[in-house]
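Structure first, then comments.
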Amino acid sequence: MEYRKIRAIISGGGTGGHIFPALSIAGRLKEVNHETEIIFVGAEGRMEMEKVPAAGYRIYGLEVAGLKRSLSLSNLALPFKYVKGIRKARKIIRDFRPDIAIGVGGYCSAPLLWAAQSMGIPTLIQEQNGFAGLANKILGRRAGKICVAYGNMDRFFPADRIVLTGNPIRSNIVPATPQMRAEAMEFYGLDPRRKQLLVLGGSLGCRTLNNAVRGWIEAGCPGGDDVELLWQCGKYYKGETDAFMDGRDLPHIHYSDFIGRMDLAYAAADVIVTRAGASSVSEICAAGKAAVFVPSPNVTEDHQTHNAMALVRKEAGLIVRDADAGGELFGVALELIHDPQRRDAIEKNAAALARRDAAAAIVDEIYKLVRQSEK
């Protein structure tokens, strides 16, 4: 395939689960043709406005927000913000003149793709989850291609436009070598004689997982005499976690709000406890790790449960309901960490589900759409 120079807009964000796949796609576009021009469109005030420029790309912000699930006066302003977002998206498109617009999910993806479709720009949707949200279902009717990570997505999108590509992930997420694990131990100051439990609450944090960790610590870390904990508490919960840990002499507990070297965190882990966002699930498969998933109940159509169950049904992961996490989560995780035979089986099954060529497959679909639009 010929990869000529193109101009691409990538839109999406809100969490690392949207940003890192977007950056992975951008990286592959630059890899196949370094002259390709790429800009991002994100949501003002969200983490993409920091992470994308740090990766070397221009980003433009839209003043958009998500619908709050509880009754809130702020919901009344959403239609006006959405219309304003479409207007600004149109201006960005007119100024940049893209060959294609790519949506990876998040608040800003919908107005950008809606504007692009109304202006005759080819669009591609990268649907990360096993259950599509309303915005993507609507946008999918006019999208040229919908790249998905799970089967049976013709429930939501036109079957003739679906391509099973998997979710793009960071290129350094790979099965750990002994050298990587040794580097990880040194980097995080971990004890190689202990078993390593990695708890990931996401870049913003997860109250359920944090409360489970705190409950375990308050109980005296039962069943964890030989376990070391690497704990991502998240940006929103860093202050209260500092207060909780203040004065506690627990050298086997390591915590931070954000884990930058996730490749090394995965390499160190014997078992991972995490939410079941699409990117997390895909990265765990790519790393070939055993995980206990605690799907968030606060997401559209319970899509994290769908993500986790895709692995659980293939004995490639375990699941604990959010409501049960306080009483069950650490018992399940510690039982798994002390059962090497079961852990090895889960790791092999998870690794078998990995798709490491997702970004390349998506970029090929991007070029096919661009060529079709030129005919």
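The values are calculated or read from the model by the stated rules, or taken from the named source; none is laboratory data. Just so it is clear, the structure is predicted and the values come from calculations on it, not from any experiment. Cβ atoms come from the backbone with ideal geometry, glycine included; neighbour counts cover every protein chain shown. We work out accessible area using only protein heavy atoms, side chains counted, and drop any ligands, DNA or RNA first. Shrake-Rupley method; radii C 1.70, N 1.55, O 1.52, S 1.80 Å.
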Name the single residue, out of those in the range 260-296 being among the β-branched types (Val, Ile, Thr) and closer than 15 Å to Ile169 by Cβ, that is nearest to the chain's Cα centre (by Cα). Val281
Report yes if Ile125 is under 26 Å from Ala286 (Cα atoms) and in contact with a Leu (Cβ under 7 Å, 6 or more places away or on another chain), otherwise no. yes
What are the residues in the range 188-197 that are basic (Lys, Arg) and crowded, with 16+ Cβ neighbours inside 10 Å, if any? Arg194, Lys195
Look at the range 242-262 and say how many of its residues are within 13 Å of Asn210 (Cα to Cα), part of a loop (DSSP other than H, G, I, E, B) and modelled with pLDDT of 95 or more. 0
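Here's the yes/no breakdown for (1) crowded, with 19+ Cβ neighbours inside 10 Å; (2) modelled with pLDDT under 90; (3) more than 15 Å from Arg170 (Cα to Cα):
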residue: Met1; (1), (2), (3): no, yes, yes
residue: Ala8; (1), (2), (3): yes, no, yes
residue: Ser11; (1), (2), (3): yes, no, yes
residue: Gly14; (1), (2), (3): yes, yes, yes
residue: Ile39; (1), (2), (3): yes, no, yes
residue: Ala43; (1), (2), (3): yes, yes, yes
residue: Lys51; (1), (2), (3): yes, yes, no
residue: Gly56; (1), (2), (3): no, no, yes
Looking at Asn210 and the list (1) within 16 Å of Ser296 (Cα to Cα); (2) touching a residue at least 40 places away in the same chain (Cβ under 8 Å), which single condition is not satisfied? (2)
Hey, can you tell me all the residues within the range 30-54 that are assigned to a helix (DSSP H, G or I), farther than 18 Å from Gly105 by Cβ and either among the hydrophobic types (A, V, I, L, M, F, W, C) or touching a strand residue (DSSP E or B) at 6+ places or on another chain (Cβ under 8 Å) (or both)? Lys30, Val32, Pro53, Ala54
I'd like the residue in the range 243-259 that is within 18 Å of the chain's Cα centre (by Cα) and farther than 25 Å from Ala310 by Cβ and, out of all such residues, is surrounded by the most Cβ atoms within 10 Å (Cβ to Cβ). Asp257
Among the residues listed as Glu228, Glu240, the single one being open to solvent by less than 20 Å² (accessible area, probe 1.4 Å) and on the phi < 0 side of the Ramachandran plot: Glu228
Can you name the helices (runs of 4 or more DSSP H) wholly within the range 266-369 that have at least 2 residues being more than 28 Å from Leu134 (Cβ to Cβ) and either open to solvent by less than 20 Å² (accessible area, probe 1.4 Å) or not hydroxyl-bearing (Ser, Thr, Tyr) (or both)? 278-287, 325-337, 340-352
